[in-house]
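Let me begin by presenting the structure, written as C-alpha cells, before commenting on it.
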Amino acid sequence: MKLKFTDVFLQTATKILVYIIMTFSIYILFAGHHNPGGGFIGGLITASALVLLYIAFDFRTVRDILPVDFKLLAATGVIVSVLTGTASFLFDVPFLSQTFRYVDLPLLGKTELASAFIFDLGVYMVVVGTTMTIITSISEDDK
Amino acid sequence: MTLLHIAVLTPFLFVPLIPALYKYMRRIHTGWFVLLVPLSLLIYFASYYPVQHAFEPVIRSVPWIPSLDIHFTVYLDSLSLLFALLITGIGTLVVLYSIFYMSKEREKLHFFYAYLMLFMGAMLGSVLSDNLLVLYAFWELTSVSSFLLIAFWYQRKKSRYGAQKSMFITMTGGFSMLLGFIILYVASGTLSIREIISMADVVSQHHFFIPAMFFILLGAFTKSAQFPFHIWLPDAMEAPTPVSAYLHSATMVKAGVYLVARLTPIFGGHMEWFWTITIAGIVTLFWGSFMAVRQSDLKALLAFSTISQLGLIMSLLGVGSMALNKGYIDSSDLFAGAITAAVFHLINHSIFKGCLFMMVGILDHETGTRDIRRLGGLISLMPVSFTLTMIGAFSMAGLPPFSGFISKEMFFTGLLTASRNMSDWLVILPIIAWIASIFTFVYCMILVFKAFTGPYKPEKLERKPHEAPIGMLISPMVLAAFVVLLFFFPNLIAGSILEPSVKAIIPQAFVNNADWHVHLAAFHGFNTELVMTIGIVVFGTLLFIYLSKWRDVYDSVPWKFTLNQAYDRGLVGIERIGTKVTRSYMTGATNHYLAYLFIFLVALAGGTLLAQNAFVLDTSGNAQIELYEYMLGFIMIASAIYMLFTKSRLISIIAVSVIGYIVSMFFVIFRAPDLALTQLVVETISTALFLLCFYFLPKVGKSITQLKFKVVNGIIAVAVGTTLTLIGLSAQGHRLFEPIAHYFTDSYKLAGAKNIVNSILVDFRAFDTMLEIVVLFTAGTGIYTLIKLRHARRNEK
C-alpha cells in the first residue's frame, strides 16, 4: 500500500475500531436470517474493516498479522455454496433446496438451524475474498 | 441405467483409472489393463449376436434432460450391433497390437490410452444413441479424441497441423449436421430417430427437408473423408499407427457411413439423396485410388486407399437408397443388393484395412521407414509379415480367395443395377468404378511387391530388419484369418447380421417383401462382373509392370491448385481477416469498450421498448411525494450535473459518492434496512478503491476537452439515461407475470426467516445468488490475473 504516512491517531483508532467492526460484521452475518444483514453485507463490512487496517498500517504488517490468501478464501466460498446446493441431492430434493429446524442448544436455548446459513457463509467468504483480492492486488501494483 | 448404458459408459469410467495404473504399475505395460475394457465389451455385445433366432432390437431409455426431449436412449438393432462389434472387436486387437508397438519406457501411455478409451466410448455412443442430440454430442467427442490422438506426438509440427486440419474439417461438418438435426426436430417434433423414421412422410413435406438433408450429408461426408473433404485423412496419418488402424480406417471414418445408413429410411428414395451420395462416393472412389498410386509413403498410400474405399461404400448406399423410391418398387430387391454389398464391404474393409495398417506399422517399426523407395526384398527376412500383407492387399484388390472378392463383385452388381434399371447413361458409374478398381489393383500390388520383393537395400534402412515379435503379429493374423474365412463361409454372417442390417437401413422396402433373404456366394457363374474382375487383373498387371513409364502423368497435374493449397490459403486468409476485424474494435481504450457496451444496451433494451411499444406511464398506484424526497432528488441531480463540469477527479468521485449515499437514504426512507446497509458499505469500499486507483489514472487528458469526444459521449450518456428511465417508469405499468410476492410474505413459514430480503437471497432465489457469487469470484480472479500478468511481463523486460 502506497499510503506510507504514519498517523498515530489513525493507527490507535483503527486498533479499536477494527474489533468493533469485525464483531458487528459477524453479528450481521448471523443475524441475517431474521434481522437486517446476511452474508453479503457481513462480508462487505468485514472487507471494510480490513481496508481500514490496510490504510492505517502498511501492506506487509497486515499480511504478517493476517496471513490469509484471499483468493483461496473466495474459491472456498464458491465451493461451500455450491456444495450446499448439491447436498440436497442426498435427500432427493431439487438443487439448492434449503431447510431449517429448531434445536435446543446449551446456553442458547431454542435455536433455529438453517441450511441456508451455510450457503450464506459461502457468500460471506466469496465477498470478503473477492473484495480483498481486488483491493490488495491493485494496491500491490505500484511496485 | 441399464447394462447397455453402462456398457457405453464403461470406457469413460475407465479413463480416470488409467493414469493411476500407469503411475503405480510401471512394470506392466498399461495396455494390458486397458485391454480388459474392449475385450469385456466385445464379449458383452457378442452375447447379443443372433445365432439361431432372429435379432430383436433392444431399446433402453434413461431421461437426461426431459424438458428438452433429450433422453439417453440406447437403441441396439442389428446395424448398431454390427458397428458395436467392429468397434470393440477391432478395438481389442488394436489395443493388443499397441502393447507391442508403443514403448512403455518412452511414450506417455497414460495419455494415449485415456484418449483411446475416450474415443471408444464416444464411438459406441454415436452408433448406439437413438436421440439425435446425444448422437451429436458423442459424434463431436469422436472428433475431439481423434484430434488428441493425431496430435499425440505433438512435438512434431506435422502432427499438430494434421490434428488441427482434421478438427476443422470434421467439426465444420459436425455443426452443419447439428443444423440438419434441428431442422428434423422442427419438422417432426421429436429427437428420436425411430420416431422420425415412423413419420418420414410428414417430415419430407417440410420446406427445409432438402436443406436438412444437405446439412446432414455435409457432416457425414466430412467425417467419412468424401471428396472434396478428404484432405484431412492423409494428414491424420501422423498419428501413431495403432490409432490410424483403429480410427482412420476401421471405425471413426465409418461414422459418416453409419449416419447415412441410419438416416436412409428418412431420406432414401429422394433423388437428391441418391445423386449426392452416389456422385460424391464415385468421385471419391476414383480420386482416392488414383492418388494412392502416386504415394511413396506406405501410410499415405493406405490413407488414400481408405478414402477410395469409403467412397465405394458411400456410392453403394446411394444407389441402394433407390429401393425406397416409389418409381422402382419392382426392382427394390436389386437395389437392396447394393445395400447388402455396402454393409458387407464395410465389414471387409474394416478387417483388411485394419490388418494392412498394422502390417505397415510393423514394417515401420522393424525397418525404421515406410518409404517404398527404401524398402524392398524383405520377403525372406519377414515371411509372416509378407503373407499377412498379401492377404490384406489381395482382399482389397478384390481377388479370390479373399473376402474382398465377394464384396467387389457385389459392388459391380450394385452399380450395374443402377445403369440397367434407371437410365442407360448411368453406365458411366460402373465404368468409373472399373477404372478406379484398376488403380486399386495397382496400388495393392505396389504395397505387396515394392516392399517385399525386388532388391534388398540394407544401406537405406535405419535398423537391421527381422520378423516382428509374435505379440505384434497376433492381431493382424486374427484379421487375416477372418479375411479368408469370410470368403469360404460368407453365409456365416449373411443371415444373422447382414440381412437384418439391410432391413434396418431400408425397412420400407420389405413391407410387402418379407421373404427376401441374403445369400452370398463366392462364385456367381460367368457374368459381366467376373469379366470386369478379369479385366482389372489384366490391365492392372500391365499398369503395374509399366508403372515407371506412365508415372509422369502425375507431374502434369497442376498441384498448385489442389484442395490442400486452398485449405492452407483459406486458413491464412481467415486469420488475416480475423486479425483485421479484431484490431479494428479492440483499441485498448476503455472509453471505446464502454461505448460498445452502452450502445448495445440502448439498442437492445431501448429498441425492444420502442418495437414493442411498451412505454406506459401509470401513476395510479403512487404515493404522495414528500418535500424531503424532492430535496434528496434535487441534491442527486445537482451533484450529477456538477460532476460534468468539474475538472478535478477527486471532486467527481465525491460527487458520485454523494449520489450513492443519497440512494441509501432513499432505502432508509422506504424502509429497506438491508439495502441501505449494503449501499452504505459498498459506497465506503468503492471510495477506498477509487483512492487506490488514483495513482494509476492519467491526468484528465486533452481528448476529454475535445468537442467531438464530448458530443459523442454526451449522446451515448443521454441515450442510456433515457432508456433506463423509460424502462424504470414502464416497469410500474406492466404486470406480465403473476406476482410471486406471497412467497416472500410467507417467508417465516416457508424458510424459517423473518427477514424477507435475506430469505430471497439465500432461499427462494438462492440459485441467482450462487451464480452471482460465481460471477463476482470470476471478476475478482480476472482483475487479479490481469494485474499479475502485467507484473510478470514487466519483470521479463
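The values are calculated or read from the model by the stated rules, or taken from the named source; none is laboratory data. These figures come from a predicted structure and were not determined experimentally. Virtual Cβ from ideal backbone geometry, glycine too; neighbours counted across all protein chains shown.
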Exercise. What helices (runs of 4 or more DSSP H), lying completely within the stretch A:31-141, carry at least 2 residues that are within 7 Å of chain B (Cβ to nearest Cβ) and closer than 25 Å to B:Ser686 by Cα?
Worked result: A:39-56, A:70-90, A:115-140
For this session: Look through B:Glu738, B:Glu772 and report the one residue that is among the charged types (D, E, K, R) and more than 10 Å from chain A (Cβ to nearest Cβ).
Result: B:Glu738
Seminar exercise, completed: Of the candidates B:Leu627, B:Leu689, B:Leu680, B:Leu726, the one satisfying the condition of being away from every other protein chain (no Cβ under 14 Å) and free of Cβ contacts under 8 Å to residues at least 40 places away in the same chain is B:Leu627
Seminar exercise, completed: Per the filter on the stretch B:379-415, residues part of a loop (DSSP other than H, G, I, E, B) and in contact with an Asp or Glu (Cβ under 6 Å, 6 or more places away or on another chain) are B:Met382
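Do we have B:Phe744 as more than 10 Å from chain A (Cβ to nearest Cβ), aromatic (Phe, Trp, Tyr) and surrounded by 11 or more Cβ atoms within 10 Å (Cβ to Cβ) here? It would help to see each step written out before you state the result.
Details: more than 10 Å from chain A (Cβ to nearest Cβ): yes; aromatic (Phe, Trp, Tyr): yes; surrounded by 11 or more Cβ atoms within 10 Å (Cβ to Cβ): yes.
Yes: the conditions hold for B:Phe744.
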For this session: Evaluate the following for B:Ala236: is it within 22 Å of B:Phe138 (Cα to Cα) and part of a helix (DSSP H, G or I)?
Result: yes
For this session: Please specify each residue of the stretch B:584-606 satisfying the condition of being surrounded by 12 or more Cβ atoms within 10 Å (Cβ to Cβ) and either modelled with pLDDT under 85 or closer than 15 Å to B:Thr725 by Cα (or both).
Result: B:Asn591, B:Phe598, B:Leu601, B:Val602, B:Ala603, B:Ala605, B:Gly606
For this session: Taking B:Ile659 as the residue in question, decide whether it is within 25 Å of B:Ile716 (Cα to Cα), β-branched (Val, Ile, Thr) and more than 14 Å from chain A (Cβ to nearest Cβ).
Result: yes
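Let's see how each residue does on (1) touching a residue at least 40 places away in the same chain (Cβ under 8 Å); (2) closer than 25 Å to B:Ile362 by Cβ; (3) outside any helix (DSSP H, G or I); (4) in contact with a strand residue (DSSP E or B) (Cβ under 6 Å, 6 or more places away or on another chain):
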residue	(1), (2), (3), (4)
B:Ala418	yes, no, no, no
B:Val427	no, no, no, no
B:Ala433	yes, no, no, no
B:Cys444	yes, yes, no, no
Problem set entry | Among residues of the stretch B:178-213, those that are among the β-branched types (Val, Ile, Thr) and free of Cβ contacts under 8 Å to residues at least 24 places away in the same chain, counted | 3
For this session: Pairs only if they're at least six apart or on different chains, beta carbon under 9 angstrom, first in the stretch B:731-750 and in a helix (DSSP H, G or I), second surrounded by 10 or more Cβ atoms within 10 Å (Cβ to Cβ) and of a type in the set (D, E, K, R); list them, first residue then second.
Result: B:Gln732/B:Asp618; B:Gly733/B:Asp618; B:Ser747/B:Lys754; B:Ser747/B:Asp763; B:Tyr748/B:Lys754; B:Leu750/B:Asp763
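Being in contact with a helix residue (DSSP H, G or I) (Cβ under 6 Å, 6 or more places away or on another chain), modelled with pLDDT under 90 and under 29 Å from B:Ser423 (Cα atoms) is true for just one of B:Ala342, B:Ala323. Which residue is that?
From the options B:Ala342, B:Ala323, the qualifying one is B:Ala323.
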For this session: Name, by its number, the condition in (1) part of a loop (DSSP other than H, G, I, E, B); (2) of a type in the set (S, T, N, Q); (3) modelled with pLDDT of 85 or more that does not hold for B:Ser40.
Result: (1)
For this session: Report, by residue number, each residue of the stretch B:348-378 that is outside any helix (DSSP H, G or I) and of a type outside the set (A, V, I, L, M, F, W, C).
Result: B:Gly368, B:Thr369, B:Arg370, B:Asp371, B:Arg373, B:Arg374, B:Gly376, B:Gly377
For this session: Kindly indicate which of A:Ala56, A:Ala74, A:Ala47, A:Ala87 is surrounded by 14 or more Cβ atoms within 10 Å (Cβ to Cβ) and closer than 15 Å to B:Ala766 by Cβ.
Result: A:Ala87
